[in-house]
Amino acid sequence: MPEWVELALRIVAALGAFLVFPLIVGQAEHKVMAHMQGRLGPMKAGGFHGWAQLLADGVKFAQKESIVPAGADRAIFRLAPLVALLPYLFVFLVLPLGPHGLVAQPLDLGLFFVLAILGIGVVGVLMAAWSSANKYSLLGGLRAAAQLLGYEVPLLLAAASPALAAGTLSLPEIVNEWEPWWLLWQFPALLVFFIAGLAEIRRPPFDAPLADSELVFGYLTEYTGLRFAFFLLAEYVGIVVISALTAVLFLGGWQGPLSDSVGWLWTLVKTALVAFVVIWLRVAWPRLRADQIQRFCWLVLVPIALAQLVLTAGVRIALDA
Amino acid sequence: MSQNKPAPGRALFSGLGVTLRNLFRRAHTKQYPDVKPELPARSRGVIALLHENCTSCMLCARECPDWCIYIDSHKETYQPEGAARPRQRNVLDRFAIDYSLCMYCGICVEVCPFDALFWSPEFDYVETDIREMLHEKEKLQSWVATVPPPPVNDANGEPAKELVAAGKAREKAETAPDS
């Protein structure tokens with residue numbers, strides 16, 4: 001197979017995952033949330049248990065008028081949804097699915113690349129907030145800025161722990177080095193990474209920047225139509241990315257029985273389980289206040305992440321000695 | 001430390017437990033237009049008229065708190081076989097209930113001495129115009145078919161008044177000397 005065909009195949013596969021997995025997670029959220037609340041959720045669209053609900057939603061969004069407010073900064077306002085959405089596409093390129101190079105683009109600096117790219121999404125949120133010329137958008141944007149910059153710290157510190165333990169920044173290599181007993185001594189980092197990840201993608205209980213009961217819809221207040229759909233899609237891609245990263249960094253990715261043949265399935269199962277927990281927390285837990293979010297970040301998560309780094313470094317040195 | 005106070009954060013976990021348990025229970029949703037609900041007898045859906053039983057006594061129309069029952073009737077003489085002189089009877093010309101006024105109190109059903117009015121559980125007879133909510137006796141008659149049989153008396157409850165009365169009458173007849 002010529003090299004460029006293979007490259008094209010890998011990119012198309014990553015694009016496919018980027019378009020399909022968020023829809024699956026979104027549909028799962030509809031259904032899981034409904035059943036946890038004693039409802040059935042969508043049942044009509046597509047015939048069988050409303051499987052086509054999100055496709056119908058997409059068609060609906062595409063048909064709606066995309067309004068740009070008169071006072072808005074038009075160019076920035078139009079660009080923001082793409083800036084919020086596209087970085088995640090590049091994350092999909094380096095997420096390993098299975099052993100033996102089953103990854104769109106193996107990268108030695110994979111973890112570094114992923115964390116750097118995730119930071120760009122923050123800019124998209126701020127662009128949307130500033131350019132909307134709406135006080136609710138601005139309030140939501142400021143909350144988002146404080147929250148996203150704050151939680152970047154524990155996210156990075158917690159992600160550094162498995163990299164330190166494995167001695168590499170390459171995501172496939174981290175999975176290779178992973179052993180089941182890591183679940184124990186990396187557990188604090190797992191918790192911190194997962195929680196900080198939730199806050200980074202602004203999922204409940206960290207959805208104060210959106211907070212529809214206080215701020216209309218935060219930085220998304222002025223968005224309609226397809227641009228709004230892009231932001232929604234970004235939220236669900238975010239769930240997939242954070243779940244997949246948690247699975248790859250802390251849960252051993254493709255490792256499991258028969259990992260040589262069905263390793264990709266293990267990665268998907270672990271990712272799906274983490275995504276289920278993300279949905280579950282949204283159903284069960286109330287929203288934290290903006291000040292509680294900051295307090296929790298700086299007084300709980302950051303110290304735990306730092307202590308975990310010390311522990312990881314100590315165990316590494318003891319193992320190498 | 002007070003002893004009644006639960007550990008901080010415990011509610012977070014009990015919340016997770018409740019939602020997870022709910023996930024594996026059947027949903028409460030009724031798929032209404034696809035699956036009709038099973039309503040118990042005497043559900044206050046619509047009032048059905050068995051016009052053969054109606055004697056045009058007007059009790060229902062007079063008791064109706066918002067005067068939504070319209071009754072027209074006329075008297076007719078007829079000659080029963082073997083009778084010495086013709087008799088009179090009421091013939092029902094019109095019986096209509098205006099469901100845009102009806103408040104479903106059920107007083108007409110209670111007050112009817114001849115069992116001509118019944119509660120039917122049918123409820124989806126809404127019209128697009130409020131003036132079309134006035135239903136004539138043919139329509140009211142058509143709902144009789146949807147009236148379910150009354151539920152059986154509770155085994156531990158009081159026996160029905162009719163049964164008690166019939167039992168007393170039988171006792172009286174049996175103990176009375178033959179005539």
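Using helices alone, what [θ] at 222 nm do you get for the protein assembly as shown, with -39,500 (n - 2.57) per DSSP H run of 4 or more residues, divided over all residues and rounded to the nearest 500?
-17500 deg cm²/dmol
Could you run the numbers on buried accessible area between B and A, total for both chains, 1.4 angstrom probe, in Å² to the nearest 100?
Summing both chains' loss of accessible area gives about 1200 Å².
Please get the size of the charge dipole for region A:218-295, origin at its Cα centre, with Cβ charges of +1 on Lys and Arg and -1 on Asp and Glu, quoted in debye to the nearest 20.
Its charge dipole is roughly 240 debye.
What is the set of long-range amide H partners of B:LEU117 at a cut-off below 5 Å, with H atoms built 1.01 Å from backbone N?
Counting only residues 5 or more places away or on other chains, the set is B:LEU50.
Once both axes come from the Cα atoms, what is the angle between helix A:225-250 and the longest principal axis of chain A, in degrees from 0 to 90, rounded to 10?
Rounded to the nearest ten degrees, it is 10.
For the full complex of protein chains and a 1.4 angstrom probe, list B:PHE123, B:PHE118, A:PHE77 by accessible area with the highest value first.
B:PHE123, B:PHE118, A:PHE77
By how many degrees, between 0 and 90 and to the nearest 10, does the Cα long axis of helix A:135-166 differ from the longest principal axis of chain A?
Value to nearest ten degrees: 10.
On the full set of protein chains, 1.4 Å probe, figure out the accessible area of B:GLU76 and give it in Å² to the nearest 10.
Ignoring ligands and nucleic acids, B:GLU76 comes out at about 70 Å².
Can you tell which of B:PHE95, B:HIS135, B:THR175 lies farthest toward the positive end of the dipole of chain B, using +1 and -1 charges on the Cβ of basic and acidic side chains (Lys, Arg; Asp, Glu)?
Of the options given, the answer is B:THR175.
List the lysines whose alpha-carbon lies under 24 Å from that of B:LYS137, not counting same-chain residues fewer than 8 positions away?
B:LYS75
In terms of the Cα gyration tensor, with a ≥ b ≥ c the square roots of its eigenvalues, is region A:29-72 rounded because a/c is under 1.5, prolate because a/b exceeds b/c, or oblate?
Oblate, since a/c reaches 1.5 and b/c is not below a/b.
Roll a 1.4 Å probe over the protein chains and send me the accessible area per residue for chain A in Å².
With the other protein chains kept in place, chain A gives 46 Å² per residue.
Using a 1.4 angstrom probe on the protein heavy atoms only, line up B:VAL46, A:VAL12, B:VAL147 by accessible area, largest first.
A:VAL12, B:VAL147, B:VAL46
Any idea how far the Cα center of region A:103-164 sits from the one of region B:111-179, in Å?
Here the answer is 70 Å between Cα centres.
Just subtract the alpha-carbon distance of A:ARG39 and A:ALA133 from 0.36 nm times their residue separation and send over the number in nm, one decimal.
30.0 nm
State, as an integer percentage, the relative contact order of region A:3-320 based on alpha-carbon contacts under 8 Å between residues 6 or more apart.
24 percent
Across peptide A:276-282, how many C-beta atoms of other chains are within 10 Å of each residue C-beta, on average?
The shielding value for this peptide is 2.
Measuring from label point to label point, each 7 Å out along Cα→Cβ, what is the B:ALA83 to A:LEU299 span in nm?
With each label placed 7 Å out from Cα toward Cβ, I get 9.4 nm.
Within 10 Å of each candidate Cβ there may be at most 13 other Cβ atoms; applying that plus a DSSP loop requirement, which chymotrypsin sites (Phe, Trp or Tyr not before Pro) in region A:141-191 survive?
A:TRP181
Suppose accessible area is computed on protein heavy atoms with a 1.4 Å probe; arrange A:HIS100, A:HIS30, B:HIS135 from highest to lowest.
Most to least solvent-accessible, the answer reads A:HIS100, A:HIS30, B:HIS135.
Only four residue types carry charge here, +1 at the Cβ of Lys and Arg and -1 at the Cβ of Asp and Glu. Report the dipole size of region A:3-320 about the Cα centre in Debye, rounded to the nearest 20.
Value, rounded to 20: 1000 debye.
Between 0 and 90 degrees, rounded to the nearest ten: what's the tilt of helix A:302-320 against the longest Cα principal axis of chain A?
Roughly 20 degrees, rounded to the nearest 10.
Can you tell me the order of A:295-301, A:138-144, A:234-240 when each peptide is scored by its average per-residue count of other Cβ atoms within 10 angstrom, highest first?
A:234-240, A:138-144, A:295-301
Quickly work out the B:CYS105-to-A:LEU19 label distance, labels modelled 7 Å from Cα along the C-beta direction, and quote it in nm with one decimal.
Spacing of the two 7 Å Cα→Cβ label points: 6.4 nm.
Which FRET efficiency value, to the nearest 0.05, do you get for A:TRP185 and A:ILE120 by plugging their Cβ-Cβ distance into 1/(1 + (r/R0)^6) with R0 = 25 Å?
My answer for the efficiency is 0.20.
Across peptide B:16-23, what mean number of C-beta atoms from other chains lies inside 10 Å of a residue's C-beta?
Per-residue shielding by partner chains comes out at 6.
Kirkwood hydrodynamic radius of the protein assembly as shown from all distinct Cα pairs, in Å?
By the Kirkwood definition, the hydrodynamic radius is 28.9 Å.
The values are calculated or read from the model by the stated rules, or taken from the named source; none is laboratory data. Bear in mind that the values here come from a model prediction, so they are computed numbers and not experimental data. Please note: Cβ atoms are built from the backbone with ideal geometry, for glycine as well, and neighbour counts cover all protein chains shown. Just so you know, the surface numbers come from the protein's heavy atoms only, side chains and all, with ligands and any DNA or RNA stripped out. Shrake-Rupley method; radii C 1.70, N 1.55, O 1.52, S 1.80 Å.
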